[in-house]
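Undergrad: Have a look at this one.
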Amino acid sequence: DVLALGAALREGVGARTRVRMLAAWRRGRGDRASEVDPLVLESAVRAARRAAVEHGATRWLRASSRCDMRGDECVSTLPAAAVFRAGGSGELEPALAEERPRDEARARWLAAARLIEHRIPVACPVRFRPRGDAVRIEFGLGPRVFARTKEAALGLLVGRLHDRGLSIAGLGPDALLGSVADGFALAPPSALAELDPLAPSAARFDGLRVDPRTADFRSAYLRAFDDRPREAARVAALTE
């Protein structure tokens with residue numbers, strides 16, 4: 001099934017490889033190939049990937065390939081060295097720790113988990129520790145983007161979100177963790193929303209707390225999408 005295969009591979013292979021796969025599939029369909037609009041198919045694959053990630057996110061709250069259970073604590077199985085930073089004592093400590101009401105903590109934990117699955121640099125969930133009516137959630141810094149300014153880093157990250165058909169309300173420079181030297185990742189968001197990647201600029205950047213017209217943001221944003229000339233021009237036109 002091309003939809004299931006496309007969803008499984010979409011964020012793990014480059015756009016040009018996906019185009020070659022689509023071309024091979026269309027050749028196999030022969031005369032029926034003209035029935036398939038590539039943009040419609042890409043939109044369907046994107047939606048299927050989002051649905052699969054959202055459905056599987058609860059793996060991050062139970063014993064699974066993503067987490068171990070230690071009593072009532074859920075501990076990520078991601079390598080500690082990759083997601084923790086060294087503390088002053090020489091031991092490993094979380095890069096970010098919060099104590100929140102259970103529903104809020106769960107929402108932030110799962111939102112970050114979904115972004116990890118979508119290969120978007122975000123503070124990695126490390127430990128989910130219930131404490132009565134509250135939960136202590138701990139995160140580490142894993143994969144990051146490197147850019148010369150915060151605006152460029154935000155452009156890359158927003159571009160990746162939009163490429164996946166996702167957005168985060170009120171996103172701005174203060175949502176970034178890290179530095180120019182160490183790289184940037186998103187802080188855990190409280191929620192993710194769906195976004196139409198074909199939406200015009202007014203809708204695409206609604207609520208964003210940075211000017212999307214700045215050169216650093218815009219050039220970095222466009223790099224997150226398909227870099228073939230025709231597709232790059234199409235996305236650039238949508239951001240005018």
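Undergrad: Of PRO130, GLY183, VAL235, which is farthest along the charge dipole of the range 111-240 in the positive direction, counting Lys and Arg as +1 and Asp and Glu as -1 at C-beta?
TA: PRO130
Undergrad: Moving on. What's the carbon and sulfur percent of the range 114-240's accessible surface, probe 1.4 angstrom, rounded to a whole number?
TA: 52 percent
Undergrad: Please give, to one decimal in nm, the separation of the simple spin-label points placed at GLU54 and ALA8, each 7 Å out from Cα toward the Cβ.
TA: Here the answer is 2.2 nm between the modelled labels.
Undergrad: In a shell of Cβ-Cβ distance under 15 Å around ALA147, excluding ALA147 itself, what net charge do Lys and Arg (+1) and Asp and Glu (-1) give?
TA: +3
Undergrad: Within 14 Å, Cβ to Cβ, of GLU104, how many net charges do the neighbouring residues add up to if Lys/Arg are +1 and Asp/Glu are -1?
TA: In short, +2.
Undergrad: Which ³J(HN,Hα) values in Hz, rounded to whole numbers, follow from the phi angles of the range 173-181 under the Karplus curve 6.51 cos²θ - 1.76 cosθ + 1.60, where θ = phi - 60° and Gly and Pro get x?
TA: After applying 6.51 cos²θ - 1.76 cosθ + 1.60, I find x, 6, 8, 9, 10, x, 7, 4, 6 Hz.
The values are calculated or read from the model by the stated rules, or taken from the named source; none is laboratory data. Quick caveat, the model's predicted, so the values are computed rather than measured. Neighbour counts are summed over all protein chains in view; Cβ atoms, including those assigned to glycine, are modelled from backbone coordinates with ideal geometry. To get the accessible areas, we keep the full protein, side chains included, count just its heavy atoms, and leave off ligands, DNA and RNA. Shrake-Rupley method; radii C 1.70, N 1.55, O 1.52, S 1.80 Å.
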